[in-house]
Each structure stands twice: as structure tokens, then as C-alpha cells.
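Since the structure comes first, as C-alpha cells, the remarks are kept for the end.
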Amino acid sequence: MKLTREEVRHVAELARLQLSDAELDEYAGQLGQILTYAQQVQSVDTSSVPPTPQVLPLSNVLADDESQESLSNSQAVRNAPDSDDGYFRVIAVFDDKGA
């Protein structure tokens, strides 16, 4: 499938890419080859192939939900770079001046 430079330029603009004239020529050939291959793959008769949403058997890899004792407040903030009275201190992201 042959693509024109204008078609490649349009696709590049949709992708917000700025391509040189040399790149437009190069990518026109490459994209044309990709589209030709896609047409070839679409022509394969797959009517006898059942839908295959997953090629490997699925299994649940998550642990069972079990309640367990959580960290105490002092343990939770022990390695914090900055804490105050049992709370994590972080740099303010928003301030009242910008509102």
C-alpha cells in the first residue's frame, strides 16, 4: 500500500510530530509496508479458530484477605523524613494565595 507524503504529514500532525521532508519520505514507505502486512493478516481465514481472550490459563495470584494487626502510629512514622506529633509532615502543594 502506497502512502503519499500528505497522508503521512496528516498522521504526523495528529500525533503532534514535526517531521522533515526526508522523514516524511522514509515513513511513507515504512507505514505503507506496515499497512500492506496488516491487509495480508486480515485476509487470513480465521472462521474455524475459536475466540481466544487469554492464551495462558488464568489463576488468582492475590493473597486471601485476612485481617491482621497493623502498624502502630509510632512504627508508621518511624522512618518518615519529617514528622510532628505522630503525623507525617509534607511540603504544601497548594496555598491560599493561588486560589
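Data for the structure
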| item | result |
| --- | --- |
| Any hit, segment 10-18, residues being of a type in the set (S, T, N, Q) and assigned to a helix (DSSP H, G or I) | no |
| Odd one out for Leu56 among (1) over 30 Å from Arg5 (Cα atoms); (2) touching a helix residue (DSSP H, G or I) at 6+ places or on another chain (Cβ under 6 Å) | (2) |
| Test: residue in segment 79-91 that is out of contact with any Phe, Trp or Tyr (no Cβ under 8 Å at 6 or more places or on another chain) and either of a type in the set (Val, Ile, Thr) or within 30 Å of Glu6 (Cα to Cα) (or both) | yes |
| Within segment 87-99, tally of residues that are more than 33 Å from the chain's Cα centre (by Cα) and modelled with pLDDT under 90 | 2 |
| Tally of residues being part of a loop (DSSP other than H, G, I, E, B) and in contact with a strand residue (DSSP E or B) (Cβ under 8 Å, 6 or more places away or on another chain) across segment 46-97 | 3 |
| Criterion (surrounded by 10 or more Cβ atoms within 10 Å (Cβ to Cβ) and more than 30 Å from Val11 (Cβ to Cβ)) met by exactly one of Ser48, Ser67, Ser59, Ser72 | Ser72 |
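The values are calculated or read from the model by the stated rules, or taken from the named source; none is laboratory data. Treat the numbers as computed from the prediction; the structure is a model and nothing was measured. Quick reminder, even Gly has a Cβ in these numbers, built from the backbone with ideal geometry, and neighbours come from all protein chains shown.
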